[in-house]
Every structure is written in C-alpha cells, then in structure tokens.
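The values are calculated or read from the model by the stated rules, or taken from the named source; none is laboratory data. Since this is a predicted model, take the numbers as computed values, not measurements. Positions of Cβ are generated from backbone atoms using ideal geometry, with glycine treated the same way; all protein chains shown enter the neighbour counts. Areas reflect the complete protein model, heavy atoms only, side chains present, ligands, DNA and RNA absent. Shrake-Rupley method; radii C 1.70, N 1.55, O 1.52, S 1.80 Å.
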Amino acid sequence: MAKVAVIGAGNVGATLAHVLATGGVPSEVSLVDVVEGMPQGKALDIRQTGPLEDSDCVLTGTNDLEAGVAGAAVVVMTAGLARKPGMDRMDLLKKNMEIVSGAMRAVKAKAPDAVVIMVTNPLDVMTFVALRVTGFPRERVIGMAGVLDSTRFRTFIAMELKVSVVDVAAMVLGGHGDTMVPLPRYSTVNGVPLPELLPADVIDRLADRTRKGGGEIVALLKTGSAFYAPATSAAQMTEAILKDRGHLLPACVALEGEFGERDLCFGVPVILGKGGVRRIVELRLTEPEKAMLKKSAAEVRKGIDEVKPLLG
Ligand code: TXD
C-alpha cells in the first residue's frame with residue numbers, strides 16, 4: 001500500500017488528509033506544514049477518527065519537508081499564502097512561487113517517482129512552476145481545478161433539474177478562473193446531453209454560476225476560501241492514481257500541441273491512472289467553444305509568461 005504526502009496542513013490539506021484516511025486507499029498519509037505542532041496535532045486528531053471510521057490509515061504530521069515527502073507515491077501540494085494587506089498580486093505570486101519551488105525541490109530529491117497533484121493558486125501557473133522545478137515528465141505533474149469546477153457545475157445542474165447528482169456528468173475545461181469553459185454539450189444526465197434538458201438561458205446561468213463558484217463561497221465565508229469540495233476533488237484524483245482506476249476527468253496538464261497549444265499548463269480532459277496521466281483526450285469543439293478556450297489559454301499564458309523569467 002502507498003504513502004501520500006500532503007504539503008500544507010491548512011483547510012484544504014487537513015480536510016484532504018481526513019477524506020483520504022476515511023476512504024482507506026493510502027496506508028499512510030503524511031501532513032507537512034511550516035507551523036510548529038500544527039500538522040502533528042491535526043494528524044493525531046484525524047488518526048483518532050480511525051476507530052470510528054474503520055480506518056487503519058497511519059497519519060503523521062511533520063515540519064520536516066524532506067522527511068514528510070520521502071518515498072511518497074502521490075504528493076498533493078496545498079501550501080501557499082493568501083494575499084495579505086499591502087501585498088500586490090505580483091508579491092503574492094513570487095511568494096507562492098518560492099513556496100512551491102522549495103517544496104518541489106524536496107519532492108525531486110526524496111520522492112523522485114511520485115505523481116504530483118498541484119492545488120496551490122494560481123493553479124495553472126503553479127503547475128507550470130512544479131513541472132519546471134521537478135523536471136518530471138508531464139504525466140506526473142497535474143493540477144486540480146477541473147474536477148472542482150465540474151463538480152460545482154454538476155451540483156448546479158442537479159439542483160436545477162431536481163435529479164440525483166450521481167446521474168450528472170459535466171465537463172469544464174480551461175484555466176482555473178473567470179475564463180474557464182463549461183461545456184454543456186459534453187455534460188449529461190445519464191447520457192442525455194444538457195441542451196436536450198434545459199433552455200439555453202438557464203444553461204448559461206448555471207455555467208456563469210460555475211465560473212464564479214469560488215468567489216460565491218469566498219463572499220459567504222468572508223475569511224478564507226472553499227475547502228470541502230476542493231479537498232474531495234484532490235482525493236478523487238489521488239484515488240484514481242493509487243487504485244489505477246482510469247477516471248476520465250478534466251485536469252491541468254502541460255500541452256504539447258493538443259488543443260492547438262504548447263508550453264502551457266491548462267485544463268483539458270485526461271484519463272488518470274497509475275503513473276498519472278495515461279492519455280489526454282482531445283475533443284471536437286464548435287467554433288464558439290474553440291474561441292472561449294483560446295481566450296482562456298491566452299489568459300493563463302499571461303500568468304505563465306510572468307513567472308518564466310523568475311524560473312531562470
Ligand atoms: O481549485 C483549486 N486548485 C483550489 C486552490 C481550491 C481551493 C483552494 N485553492 C488554493 O489552495 C488556495 O488559493 C491556496 O493557494 C491553497 C490552500 O488553500 P487553503 O484554504 O488550504 O489555505 P490555508 O488554510 O491558508 O492553508 C495553507 C497552509 C497553511 O497552513 C500554511 O502554514 C502552509 O500552507 N504553508 C506551508 N506549508 C509547508 N511549507 C511551506 N513552505 C508553507 N508555507 C505555507
């Protein structure tokens with residue numbers, strides 16, 4: 001059985017550790033954070049759910065990055081800073097880039113065969129940074145955003161139609177931000193495409209709510225951002241890899257010509273299994289869909305172009 005390392009024991013990281021322990025897929029979960037005592041305390045607390053949840057998963061917490069990631073089959077990167085007063089966007093980008101680079105150097109040294117799942121924002125840019133710093137093949141550096149954006153779209157579709165969420169599949173591609181591209185034609189209720197079930201204006205409303213899904217929760221919470229659905233999304237990707245299940249889901253990967261893009265980390269459909277991305281699935285798109293995806297790619301490229309000179 002396998003070890004999963006979760007870097008960052010904040011809201012997403014700790015919730016992910018709990019979801020993974022409950023699911024019982026990894027035998028070991030290591031929580032890593034810079035705050036002294038915090039990952040140790042949370043790991044012990046989660047471990048004490050084991051007897052109640054029928055889980056023998058071994059959870060440990062540490063402040064030692066290298067020891068925490070050593071030998072992990074999957075590393076999930078959730079560490080990062082939120083913007084503080086007086087910090088501009090570029091300051092934050094630089095700070096998170098430093099955090100991601102430091103963590104990825106440790107992964108390269110101590111978990112050279114790991115699959116890395118990036119969660120830290122700005123997601124597409126940080127996935128690019130992780131890919132560069134580890135030097136891993138693109139199959140093993142994957143960003144989590146599409147699963148979350150799709151599960152939000154699925155939820156809104158189920159709420160609107162009053163159908164079970166288990167029947168709803170949805171596909172959201174592109175960058176993790178306002179330009180993401182929900183694809184109603186590739187979203188179905190038990191095989192029936194969405195445009196057969198709802199009028200265009202209602203679909204547009206649900207797609208728009210999905211695009212603003214993160215912001216809606218930030219506005220309600222007032223401090224911090226969503227973490228239950230993000231953590232569960234990262235858990236699904238982790239399980240797809242550890243169990244070699246072969247889930248087809250949208251994820252952020254480096255493109256090398258697919259969808260007409262290259263040198264860009266971007267959300268596209270992939271099949272995930274052991275070793276990470278088994279295959280990138282290219283979809284036939286209409287002209288308006290292609291235009292939306294192009295616009296989203298241009299937005300992500302701007303962010304990546306900002307960090308490229310900093311990466312040397
Ligand atoms: O869809 C997505 N990809 C996202 C991304 C969905 C939700 C959250 N998203 C991003 O994930 C969010 O914008 C942040 O960049 C990360 C983590 O979000 P979370 O809500 O968990 O943030 P917290 O609670 O602030 O936790 C961050 C932790 C905190 O405990 C810090 O002490 C720790 O990161 N931290 C570090 N840990 C280890 N090593 C270093 N260097 C470090 N620096 C900070």
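Table for the structure above
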| read-out | value |
| --- | --- |
| Filter result (free of Cβ contacts under 8 Å to residues at least 40 places away in the same chain, under 19 Å from Val34 (Cβ atoms) and either surrounded by 16 or more Cβ atoms within 10 Å (Cβ to Cβ) or of a type in the set (Gly, Ala, Ser) (or both)) within segment 47-66 | Thr60, Thr62, Asn63 |
| Every residue from segment 117-139 that is over 21 Å from Glu258 (Cα atoms), aliphatic (A, V, I, L, M) and outside any helix (DSSP H, G or I) | Val119 |
| Cross-chain or 6+ apart pairs with Cβ under 9 Å, segment 1-24 first and within 12 Å of Val74 (Cα to Cα), then within 11 Å of the ligand (Cβ to nearest atom) and polar (S, T, N, Q) | Val6/Thr78; Ile7/Thr78; Ile7/Thr120 |
| Residue selected from segment 124-144 under the condition open to solvent by less than 30 Å² (accessible area, probe 1.4 Å) and closer than 15 Å to Thr238 by Cβ, by the criterion nearest to the ligand (Cβ to nearest atom) | Met144 |
| Count - residues of segment 215-245 that are closer than 26 Å to Gly276 by Cα and either touching a Cys at 6+ places or on another chain (Cβ under 7 Å) or open to solvent by 30 Å² or more (accessible area, probe 1.4 Å) (or both) | 10 |
| Residue satisfying all of: in segment 14-35; in a strand (DSSP E or B) and over 18 Å from Met104 (Cβ atoms); most open to solvent (accessible area, probe 1.4 Å) among these | Glu28 |
| Positions within segment 279-312 being under 29 Å from Gly102 (Cα atoms) and in contact (Cβ under 8 Å) with a residue 60 or more places away in the chain, in sequence order | Ser296, Ala297, Glu299, Val300, Gly303, Ile304, Glu306, Val307, Leu310, Leu311 |
| Scope segment 145-167; condition away from the ligand (no atom under 16 Å from the Cβ), assigned to a helix (DSSP H, G or I), under 16 Å from Leu206 (Cα atoms) and of a type in the set (Val, Ile, Thr); matching residues | Ile157, Val165 |
| Unmet criterion (only one of (1) over 13 Å from the mean Cα position of the chain (by Cα); (2) part of a helix (DSSP H, G or I); (3) within 13 Å of the ligand (Cβ to nearest atom)) for Gly224 | (2) |
| Tally, over segment 274-293, of residues that are assigned to a loop (DSSP other than H, G, I, E, B) and either closer than 26 Å to Ala207 by Cα or over 23 Å from the mean Cα position of the chain (by Cα) (or both) | 6 |
| All positions within segment 91-145 that are farther than 24 Å from Thr62 by Cα and of a type in the set (Asp, Glu) | Asp91, Asp124, Glu139 |
| Residue list for segment 5-59, restricted to those being of a type in the set (S, T, N, Q) and under 21 Å from Gln236 (Cα atoms) | Asn11, Thr15, Thr22, Ser27, Ser30, Thr49, Ser55 |
| Hits in segment 33-64 - residues which are among the basic types (Lys, Arg) and either at pLDDT below 95 or within 13 Å of the ligand (Cβ to nearest atom) (or both) | Lys42 |
| Output for segment 171-202, where each listed residue is farther than 18 Å from Leu283 by Cβ, at pLDDT 95 or above and outside any strand (DSSP E or B) | Asn190, Glu196, Leu197, Leu198, Pro199, Ala200, Asp201, Val202 |
| Lys108 vs. criteria assigned to a helix (DSSP H, G or I) and within 11 Å of the ligand (Cβ to nearest atom) | no |
